[in-house]
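Presented below is the structure to which this report refers.
The values are calculated or read from the model by the stated rules, or taken from the named source; none is laboratory data. Here the structure is a predicted model, which means the values were calculated and not measured. Every residue, glycine among them, receives a Cβ derived from its backbone with ideal geometry; neighbour counts consider all protein chains shown. Protein only, heavy atoms only, side chains kept; ligands, DNA and RNA dropped before computing areas. Shrake-Rupley method; radii C 1.70, N 1.55, O 1.52, S 1.80 Å.
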Amino acid sequence: MDKTREPRVSLGLYHLFKWSVVSPMLHTYFRGRIYGAQNVPQEGSLVVASNHASYFDPPIVSNCVGRPVAFMAKEELFEVPLLSQGIRLYGAYPVKRSAADRSAIRSAIAALQEGWAAGIFLTGTRSPDAKITDPKLGAAMIAAKTQSPLLPVSLWGTEEILVKGSSIPRPVPITVRIGEPIAPPHSTKREELEAVTQNCAAIINQMHDLGR
């Protein structure tokens, strides 16, 4: 039977990290604004779909939706002692670069069955302007297989946090907008996956166009 919430230890670590690090940094250093937090289901499986422009996006998304979000991480990170245990507790799951699509879908489904929300970037990789122009079908596929709603999330401004040649985050304004949940596809037929994916991408781009 699927769980309705993630493990308690992970929930505790999430709140510790959120309130001690991520939330203070988001609201002070980045002058963060969050719209639509009331749209987030706080129980049950959920696929969080967003645009992607920065390494800072996963903790910002998880912070703003108010519940832990499991994101994929490259397999090599799970070979580092202590780091491996730590990122697993925070919901990260390993993905092989050579078979990223298949392993990511399996791992995301397993995370959903454990009560996590699963985070998927629709572009699959970072885009320089944070816009979604070529969305992948992975989020819709996972939603269809688990019959989980998709939650569209727009990140505005994160592409400016880091500039080439610098490892110091810049204090740029960040705005996060959360849309209403989207019903999952009824099946894994390609036309249904594409329809839901395009709708989700359009909603995220529309929210992003609202700017600050």
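Structural remarks
- Candidates A70, A144, filtered to the one that is buried (at least 22 other Cβ atoms within 10 Å of the Cβ), at pLDDT 75 or above, closer than 24 Å to V40 by Cβ and of a type in the set (G, A, S): A70
- In the range 174-191, the residues that are surrounded by 13 or more Cβ atoms within 10 Å (Cβ to Cβ) and under 30 Å from T28 (Cα atoms): I174, T175, V176, R177, I178, G179, P181
- The test for being open to solvent by 60 Å² or more (accessible area, probe 1.4 Å) and touching a strand residue (DSSP E or B) at 6+ places or on another chain (Cβ under 9 Å) holds for R212.
- Picking from residues in the range 17-46 that are assigned to a helix (DSSP H, G or I) and among the aromatic types (F, W, Y), the one that is surrounded by the most Cβ atoms within 10 Å (Cβ to Cβ) is F17.
- Checking each residue in the range 148-158 for being assigned to a loop (DSSP other than H, G, I, E, B) and either in contact with a His (Cβ under 9 Å, 6 or more places away or on another chain) or crowded, with 21+ Cβ neighbours inside 10 Å (or both) picks out S148, G157.
- Scanning the range 192-199 for any residue that is touching a Pro at 6+ places or on another chain (Cβ under 8 Å), of a type in the set (A, V, I, L, M), over 11 Å from N51 (Cβ atoms) and surrounded by fewer than 18 Cβ atoms within 10 Å (Cβ to Cβ) turns up at least one such residue.
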